2 protein chains.
Amino acid sequence: MAKKKSEPVILVTNDDGYNAPGIRALVEAVKGLGKIVVVAPDKPQSGMGHAITIGQPLRLQKVSVFDGVEAYACSGTPVDCVKLSVDKVLHRKPDICISGVNHGANHSINVIYSGTMSAALEAAIESIPSIGFSLLDYRIEADFTAAKKNARIIVEKILKGKSFDKHLCLNVNIPAAEEKLIKGIKVCRQAYAKYEEKFDERRDPHGKKYYWLTGEFVNFDKGKDSDVWALKNNYVSVVPVQFDLTHYELKKKLEKQWK
Amino acid sequence: MAKKKSEPVILVTNDDGYNAPGIRALVEAVKGLGKIVVVAPDKPQSGMGHAITIGQPLRLQKVSVFDGVEAYACSGTPVDCVKLSVDKVLHRKPDICISGVNHGANHSINVIYSGTMSAALEAAIESIPSIGFSLLDYRIEADFTAAKKNARIIVEKILKGKSFDKHLCLNVNIPAAEEKLIKGIKVCRQAYAKYEEKFDERRDPHGKKYYWLTGEFVNFDKGKDSDVWALKNNYVSVVPVQFDLTHYELKKKLEKQWK
């Protein structure tokens, strides 16, 4: 199918790998909204954050798991996928980059560890409006019905809206609830929550110690405007995300104290 | 040496690996300011961003490259090093976490890709005041004299100051200049700058394509309050960094538009 002149180019990626059910759901969700191109990791890349591949080269392999959609598996991280697809697959910036649907929550502090959200944020750095989608159900057999419906609504909103910031990046999480129970879409801030790590210490057959990362998610945030609150109350949460990490309040304080 | 009751515990990590000259410089810089414990990656982890290790366990190996200082090499990422050291090495939160000295700049957008800064930010999430140090010289034989001097000044400031945010995280970059040419320390904001990627396409001996990430750093920021400006003018730049990625301005805008 030749690309129509007015048709937007939609880049789709994720961090669970090109063969995850979540990315198939996302491709289905946006069918008909533009020319879809998939460039996704060739293996799971959860928790890769904003990692890029410096010490070794990358590979791209054409794959045909998406019905009628041009798709590539990339040997790198989710951020690599975005960088490489702009330069070597699309040879231009897409009109939008969507990432996910992630199998598992990326609300609150997860935004920092998430490969799904880092891919979206990388696009935003490149002046490509972007959205990361995550479903609060990590299972392979998760039901993506509500995720698909809401992803399409939000992508349509962004493709229609012209007044947005060129660095727009949205962190969208969908509750693990039946579609009819979802109350709507809520614009939120990132909750202050974190993991309290407890490494599981074991010994290998040679008697040497090794450690598995485990931990408990703890929400310290009582606000009703946070993403964690929205999701608990069956809303789809939408947090606009930025890549300027400057802590401006602390900057003012330091400028005074360090004079 | 038994730990004195009042002596602060200083956790030192990096992303270039425990045997990099930069981390040895940082350990030397803070000698005498507290009980130093090093937990650093066992191999280079540059560009790992905020990656964590989920799919495999971690290893810790005692090493003795730092004269009289307890030190461990960890098989994981810089962020893993911080998490694991709190739970399994220190069995408490350190009083400060310092990361680096990185061989190469981590100003502006580099804060997002940098393993050095992600280790520091992870500590800040855990309510451990933290500082990442980077020298604008990537060479193994880089001269760390100015970096050491300024690192000690800044660590002392933070250890003495009691009024700081419990999530304090500083991104400190040191110009690649002779110590006497450095004009001082400047509190800054993160410059708006990014990489314009150009992947180097090659063919392997079997005729298959592969791609090396290369790119040009482009600074779009004309402000004189940015870290890039400060470094160009021979100041040590200090950017306070936060982990709340919410774009509050865009949040307000979206709330209105999506009503």
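The values are calculated or read from the model by the stated rules, or taken from the named source; none is laboratory data. Fair warning: this is a prediction, and the values are worked out from it, not measured in the lab. For neighbour counting, all protein chains shown are included, and Cβ atoms are generated from backbone atoms with ideal geometry for every residue, glycine included.
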Where in the range A:56-159 are there strands (runs of 3 or more DSSP E), lying wholly inside it, with at least 3 residues that are buried (at least 20 other Cβ atoms within 10 Å of the Cβ), of a type outside the set (A, V, I, L, M, F, W, C) and in contact with a Gly (Cβ under 6 Å, 6 or more places away or on another chain)?
-> A:96-103
From (1) within 24 Å of A:M117 (Cβ to Cβ); (2) at pLDDT below 95; (3) among the basic types (K, R), pick out the condition that doesn't hold for B:K259.
-> (1)
Are any of the residues in the range A:179-197 outside any strand (DSSP E or B), farther than 22 Å from A:G49 by Cβ and within 16 Å of the chain's Cα centre (by Cα)?
-> no
Across the range B:77-117, what is the number of residues that are within 11 Å of chain A (Cβ to nearest Cβ) and closer than 23 Å to B:F220 by Cβ?
-> 9
How many residues are at pLDDT 95 or above and at the interface with chain B (Cβ under 9 Å from one of its Cβ atoms) when one looks only at the range A:187-198?
-> 5
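Residue-by-condition table, conditions (1) in contact (Cβ under 8 Å) with a residue 24 or more places away in the chain; (2) farther than 18 Å from A:V238 by Cβ:
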residue	(1), (2)
A:M48	yes, yes
A:D67	no, yes
A:L135	yes, no
A:A146	yes, no
Enumeration of residues in the range B:3-33 that are closer than 16 Å to B:E122 by Cβ and either within 12 Å of chain A (Cβ to nearest Cβ) or part of a loop (DSSP other than H, G, I, E, B) (or both) = B:N14, B:D15
When the range A:65-87 is checked residue by residue, the ones that are at pLDDT below 95 and over 18 Å from A:I10 (Cβ atoms) are none
Restricting attention to the range A:174-190, which residues are surrounded by fewer than 17 Cβ atoms within 10 Å (Cβ to Cβ) and among the basic types (K, R)?
-> A:K180, A:K183
Test A:G49 against the stated conditions and say whether it is of a type in the set (G, A, S), at pLDDT below 95 and under 14 Å from A:S99 (Cα atoms).
-> yes
Considering each of B:N150, B:N102 in turn, give the residue that is farther than 23 Å from B:A73 by Cα and at pLDDT 95 or above.
-> B:N150
What is the one condition in (1) closer than 23 Å to A:E126 by Cβ; (2) in contact with a Lys or Arg (Cβ under 8 Å, 6 or more places away or on another chain) that A:P78 does not satisfy?
-> (2)
Going by the structure shown, is B:S130 farther than 17 Å from B:P41 by Cα, under 10 Å from the mean Cα position of the chain (by Cα) and either within 11 Å of chain A (Cβ to nearest Cβ) or not β-branched (V, I, T) (or both)?
-> yes
From the list A:P78, A:P57, A:P21, A:P44, pick out the single residue that is within 21 Å of A:Y138 (Cβ to Cβ) and free of Cβ contacts under 8 Å to residues at least 60 places away in the same chain.
-> A:P44
Residues being more than 9 Å from chain B (Cβ to nearest Cβ), surrounded by fewer than 24 Cβ atoms within 10 Å (Cβ to Cβ) and not aliphatic (A, V, I, L, M): count how many of those fall in the range A:34-55.
-> 4
